[in-house]
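The values are calculated or read from the model by the stated rules, or taken from the named source; none is laboratory data. Small disclaimer: the values here were computed from a predicted structure and weren't measured. As a convention, Cβ positions derive from the backbone with ideal geometry for all residues, glycine included, and neighbour counts pool all protein chains shown. Surface areas here come from the heavy atoms of the whole protein model, side chains and all, with no ligands, DNA or RNA. Shrake-Rupley method; radii C 1.70, N 1.55, O 1.52, S 1.80 Å.
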Amino acid sequence: MFDEWVTKVIFGMRWLKEKDQNWSGIWLIYDFQLGTGQPLEECAEMGRMFGSRQVGRMKIVGCDNPEVVSRSFDTFVGSLERHLADGSLCILGSTPTIADFALYGQLSQLVVDRTPDEIIRDKYPAVWSWVRKFEDLSGLEKAHCDNKEYLKEMLTFAGEVYFPFLAANRAALAAGEKELKVNLWKANPIEHIQPVFKYQDKCFQRIKQSYASLPPLYKKRASELFSGTDCKEYLQ
């Protein structure tokens, strides 16, 4: 979910507003040009051209609806801020896992873009600090982790947003349609429309296969974690 849905958040936050389009396009061109021996005087114009092209790709990525992007952003960043509030660090236990690094990879991009970096600094300071800490975890042995509420928030989001999207994508592909439509969130739902995405269908199938192959004890534990969410109905 971090690798797939949060990518929409990053792309949307980076290219929705003009000031972000200009800044992100320019710094990405600088990043490419530095050290090449090529002069930099055209970087600003090249960056604006690149940013304009990326804006045109937002519909393909599925992040052209500011409300979907903003609401998703607040969920992921806000949930982590609340998780960190009691002194927790990692999200699945006392040491980092692939889940931590998947989320870190996405958030590390949000803190270099102007609008999301400003929001995170002002509203979610613990998250901003978490990103910086994850840049170097040298010496970390074990850290406090109380993740019950965090997991509930993430699984609720998965059941109301991520899995419905994946299921709608699967149904649209099966019907030979080029576009999917799905209502996301139960409270104040938002209609999400985007082109179908074959790769994300592979992700959906892999998630379902992984759940189906769990040993009975682990499947029972997963079912307990899913309680109160809509996740399990999408994994049958």
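Things worth noting here:
- On a per residue basis, the convex hull of the C-alpha atoms belonging to the stretch 46-184 measures out at 134 Å³.
- Here the Gaussian network model covers the chain, with springs between Cα atoms less than 10 Å apart; of S138, S24, S108, S138 fluctuates the most.
- About the Cα centre, charge dipole magnitude for the chain (Lys/Arg +1, Asp/Glu -1 at Cβ), debye: 780
- From helices alone, the chain scores -19000 deg cm²/dmol at 222 nm; the rule is -39500 (n - 2.57) for each run of n ≥ 4 DSSP H residues, then divide by the residue total.
- Carbon plus sulfur fraction of accessible area for the stretch 92-180, probe 1.4 Å, in percent: 51
- Proximal lysines to K198, defined as alpha-carbon separation beneath 19 angstrom and excluding residues fewer than eight positions away on the same chain: K8, K59, K178, K181, K208
- Principal axis extents of the C-alpha atoms in the stretch 137-219 (largest first, rounded to whole Å): 50, 33, 30.
- Cleavage-rule hits, GluC sites (Glu not before Pro), the stretch 34-106, DSSP coil, Cβ neighbours within 10 Å at most 15: E41, E42
- HN-Hα J in Hz across the stretch 76-85 - Karplus 6.51, -1.76, 1.60, θ = phi - 60°, x for Gly and Pro: 5, 6, x, 5, 5, 4, 5, 5, 6, 4
- Cut-off 14 Å between beta-carbons: net charge of the residues surrounding K59, Lys and Arg +1, Asp and Glu -1: +3
- Difference of contour (0.36 nm per residue) and Cα-Cα distance, A85 to L151: 22.3 nm
- Near H192, the amide H atoms lying under 5 Å from its own belong to V182, N183, L184; only residues 5 or more places off or on other chains count, and H is placed 1.01 Å from N.
- Kirkwood estimate for the stretch 29-109, i.e. one over the average of 1/r between Cα atoms, Å: 16.1
- Coordinate range along principal axes, alpha carbons of the chain, Å, largest first: 62, 52, 33
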